[in-house]
Amino acid sequence: MKILVIGIKGQLARALIARRNRPGIEMVAAGRPQVDFERPTALGDLVGGTRPDLVINAAAFTAVDRAEDEVEAARAVNATGPAALARAAAAGGIPFIHVSTDYVFDGAKGSLYDETDPVSPVNVYGRTKAEGEAAVLAAHPGALVARTSWVYAPEGVNFVRTMLKLGAERDRLRVVADQQGRPTEAGALADALLELGQALRSGAPGGLLHVAAEGDTSWHGFATEILRGAGLSTPVDPIATSDFPTRAPRPSDTRLDLSRARSEYGIVLPDWHESLERCLAAMGTGGRRAG
């Protein structure tokens, strides 16, 4: 199976590329400057020229606060660009997976979000990702839009690495405790996407699908487990979102319902505690003891 991965530097793209030597997989990864989301024609040429069996779009404008001031740049990467990729894939009869986010929801439901819930983003990042979902499915009705949550990895810029750095530097941390989600390790997500790609090639339906780690927590709970797993004894105080103002508002509770992934595709990611432990071990920080 020849897979075209859109994205090179992101956490998920790196995790996918790391699986390029698996039996039966040939992988072509494309990023900037080859991928220019402001030139839809070039994106179509990339898909047509590569002639893959599957396209996975792992690229995104994920700087949530910066997106508030760079709306058109976020829209190009999160919406219009993916639509052009999907259109080209559809023209070639190629299965297409587009990765989206739990931030398409406002978090006000108070229970798990399933794929039938209407989107209601509270920031530019979420709004452009929601636009991208709709545009991709309009361009390629058989595409699969995989929403995920709180992605992290041993490398890159992410919450795990930030907490480890701050936990080692500071005497005490304050972390938001009233936002909930499913911390999802990039490698586990990459494995699931490859499995979903095989399913699409075998005739499985596309549409919206929630793909994230089992279990859920708050940012405070996540931070506490990160430091505990790394053997750091730095206290972590819970605070409210209102005590930590940001340029872009954040949704409060974006826990995803994973039932469809389980029942229709047999996709079950590890519990986030298990994946975090593996991530910390890969970073060389797991298993340390506090004090």
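None of the figures in this text is laboratory data; all of them are computed from the coordinates on show. Being a predicted model, the structure only gives us computed values, none of them experimental. Please note: Cβ atoms are built from the backbone with ideal geometry, for glycine as well, and neighbour counts cover all protein chains shown.
A few remarks follow.
- Degrees separating the helix 272-282 axis from the principal Cα axis of the chain, which is the longest one: 90
- For region 91-248: span of alpha carbons on each principal axis (Å, largest first): 56, 29, 25
- Pairs of Cα atoms nearer than 8 Å and 6+ residues apart set the relative contact order; for the chain it is 20 percent.
- Computed about its Cα centre, the charge dipole of region 68-214 is approximately 140 debye, with only Lys, Arg, Asp and Glu carrying charge at their Cβ.
- Computed [θ] at 222 nm, deg cm²/dmol, the chain (DSSP H ≥ 4; -39,500 (n - 2.57); rounded to nearest 500): -11000 deg cm²/dmol
- Computed from Cα atoms, the angle from the helix 40-50 axis to the main principal axis of the chain rounds to 80 degrees.
- When the charge dipole of the chain is built from unit charges on Cβ atoms (+1 for Lys and Arg, -1 for Asp and Glu) and taken about the Cα centre, the candidate among Ala86, Ser111, Ile25 whose Cα reaches farthest toward its positive end is Ile25.
- Computed log₁₀ I(q)/I(0) - Debye formula, equal Cα scatterers, no solvent, region 177-231, q 0.22 Å⁻¹: -0.88
- For region 31-79 versus region 170-233, the gap between their alpha-carbon centres in whole angstrom: 23
- The peptide list 194-204, 129-139, 110-120, put in order of mean Cβ contacts within 10 Å with the highest first, becomes 129-139, 194-204, 110-120.
- Helix 219-229 axis, angle to the chain major axis (alpha carbon atoms, nearest 10°): 70
- Spatially proximal lysines relative to Lys109 (Cα-Cα < 30 Å; intrachain offsets below 8 disregarded): Lys129
- Under a model in which nothing but the beta-carbon of Lys, Arg (+1) and Asp, Glu (-1) is charged, the chain shows a dipole of about 760 debye around its Cα centre.
- For the listed peptides 31-38, 179-186, a ranking on the average number of other beta carbons within 10 Å per residue, highest first, reads 179-186, 31-38.
- Å³ per residue enclosed by the Cα convex hull of region 1-113: 125
- Radius of gyration and Dmax over the Cα atoms of region 190-291, both given in Å: 17.4, 54
- Alpha-carbon radius of gyration plus Dmax, which is the widest Cα pair, for the chain in Å: 18.6, 60
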